[in-house]
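Asker: Questions regarding the structure given below will be posed in turn.
Here, each number is a calculation from the coordinates, and none is a lab measurement. Note that this is a predicted model, so its numbers are computed, not measured. Virtual Cβ from ideal backbone geometry, glycine too; neighbours counted across all protein chains shown.
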Amino acid sequence: MSFQTDNKLIKWFDDRLPLVSVMHHTFVQHPYPRNLNVAYQFGSILGVMLTLQIVTGIVLAMHYTAHTSMAFDSVEHIMRDVNYGWLLRYMHANGASMFFIAVYLHMFRGLYYGSYKAPREMIWMIGVVILLVMMATGFMGYVLPWGQMSFWGATVITNLFSALPVVGDPIVTWLWGGFAVDNPTLNRFFSLHYLLPFVIFGLVFLHLVALHQKGSTNPLGIEIKGPADYISFHPYFTVKDFFGFAAFGVIFAVFVFWFPNYLGHPDNYIPADPLVTPAHIVPEWYFLPFYAILRSVPDKLMGVLAMFAAIGVLFILPWLDRSRVRSAAFRPQYKWFFWIFALDCIVLGYAGSQPAEGNMLIVSRIATIYYFVHFIFLMPVLGWFERPKPLPTSISEAVLAGKASTSAGENA
């Protein structure tokens with residue numbers, strides 16, 4: 001059913017530039033599997049958070065000064081003198097954490113329900129590219145306050161590229177804009193931090209185009225077979241998404257108004273001092289699992305390669321998983337390994353927050369080994385030896401069977 005309206009102005013406009021038709025098809029008419037659960041709401045939440053980050057970032061940039069002698073004071077000016085500047089900054093800083101929380105949950109949902117499997121490989125790979133660009137954006141944004149952890153985090157992380165043979169040193173010199181982290185570095189990071197969210201916005205658009213081309217997966221992991229298997233996005237999923245926005249917004253508000261600095265590091269409230277090294281240099285919490293992988297390898301070059309491989313392996317995941325069944329709901333053995341992997345990522349995050357010494361270094365090495373074993377060995381092997389449960393013939397059959405069993409239980 002195509003978009004129809006009696007409004008002559010809208011019809012005239014849409015005939016020449018079909019924006020209204022595209023929006024109607026995307027957000028109202030587009031069919032979605034009727035059994036989508038709450039785990040599928042994080043995509044919409046991410047769209048809202050990206051918009052919030054861009055809007056608050058633009059306003060903050062009006063008051064920020066990208067200069068090493070003024071950056072820290074300009075942030076204090078925003079917090080103390082700009083009307084509601086404290087709110088804008090806390091929303092932007094905590095919004096980055098909320099953004100990564102939603103992204104990680106979104107990706108774990110994809111891993112659980114097999115959203116990366118054919119024919120949706122491109123959707124998954126674009127999502128991994130979005131994750132990489134988000135990481136670059138988040139890292140550069142963390143440097144901008146020019147506190148102690150900002151300065152030393154930038155020094156340590158950018159120095160990692162020097163481990164790469166031939167091209168490493170030129171990359172570091174370009175990032176620094178000289179031979180040390182200084183004012184040119186801050187200017188580069190500010191410029192890129194302002195630009196990259198718009199790159200993310202473009203990648204999200206491609207992500208949605210690919211999604212609408214092949215359609216969304218569902219908890220059963222089976223394809224839509226007829227009209228009974230799907231319903232339109234509006235009003236069913238718009239109402240569901242607004243509930244998700246409200247629930248997620250409450251958690252976001254708790255951090256903004258009650259624990260605004262909980263996810264940050266106290267050393268970043270000290271002006272940057274190149275002559276005083278912090279006792280323990282750590283990145284933001286959303287980088288900690290990858291930081292743990294980096295530090296778990298004794299050799300600098302191999303550690304850098306392992307850190308990038310931890311993300312790179314996600315690109316080839318659609319071809320590593322050899323199972324013919326998509327959803328973990330019908331894969332009992334894979335389900336166990338999935339939750340072990342989720343726990344492994346939490347362990348890596350904790351290990352990354354601790355000094356790389358003693359027992360914690362051993363823990364991070366074991367967790368790093370399991371991280372790669374899960375993708376490179378377990379997923380291909382499970383596809384050959386696992387015995388999945390039988391799949392339902394259609395989405396509607398499973399939904400109606402669930403309703404019938406619920407009604408029977410209520411009547412008993």
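Asker: Given labels modelled 7 Å from the Cα in the Cβ direction, how far is it in nm from THR26 to VAL167?
Answerer: 3.3 nm
Asker: Here's a follow-up. Would you calculate the separation in nanometres between label points at LEU195 and VAL254, each defined as 7 Å from the Cα along the Cα-to-beta-carbon direction?
Answerer: 3.9 nm
Asker: Sort HIS92, HIS212 so that the residue with the fewest other Cβ atoms within 10 Å of its own Cβ comes first and the one with the most comes last. If you can, show how the numbers build up before the last one.
Answerer: Working: HIS92 20, HIS212 13.
So the residues, fewest neighbours to most, are HIS212, HIS92.
Asker: OK, next. Provide ARG387, ARG89, ARG365 in ascending order of the number of other Cβ atoms located within 10 Å of each residue's Cβ, fewest first.
Answerer: On the way: ARG387 7, ARG89 22, ARG365 18.
Fewest-to-most Cβ neighbours within 10 Å comes out as ARG387, ARG365, ARG89.
Asker: At 0.36 nm per residue, minus the direct Cα-Cα distance, what do ARG80 and ASP6 gain on full extension? Give it in nm, one decimal, please.
Answerer: 21.4 nm
Asker: Counting only helical runs of four or more DSSP H residues, what would the 222 nm mean residue ellipticity of the chain come to if each run contributes -39,500 (n - 2.57) and the total is spread over all its residues? Walk me through the intermediate numbers first.
Answerer: On the way: 17 runs with 263 residues, N = 412.
Rounded to the nearest 500, the figure is -21000 deg cm²/dmol.
Asker: Using only the Cα atoms of the chain, build the gyration tensor, take square roots of its eigenvalues as a ≥ b ≥ c, and label the shape rounded, prolate or oblate: rounded if a/c is under 1.5, else prolate if a/b is larger than b/c, else oblate. Could you put the intermediate results ahead of the total?
Answerer: On the way: a/c = 2.02, a/b = 1.34, b/c = 1.51.
Oblate.
Asker: Next question. Hey, quick one: spin label on VAL276, modelled 7 Å out along Cα-Cβ, who in the stretch 132-159 has an amide N within reach, i.e. under 14 Å?
Answerer: Once the point is set 7 Å along Cα→Cβ of VAL276, 147-152 turn out to lie under 14 Å by backbone N, inside the stretch 132-159.
Asker: Would you please give the residues with an amide H less than 5 Å from that of ILE231, counting only those at least 5 places away or on a separate chain, with H modeled from the backbone geometry?
Answerer: TYR32, ARG34
Asker: From the Cα gyration tensor of the stretch 225-336, with a ≥ b ≥ c the square roots of its eigenvalues, which class applies: rounded if a/c is under 1.5, or else prolate if a/b is larger than b/c, or else oblate? Intermediate values should be presented prior to the final figure.
Answerer: On the way: a/c = 3.50, a/b = 1.36, b/c = 2.58.
Oblate.
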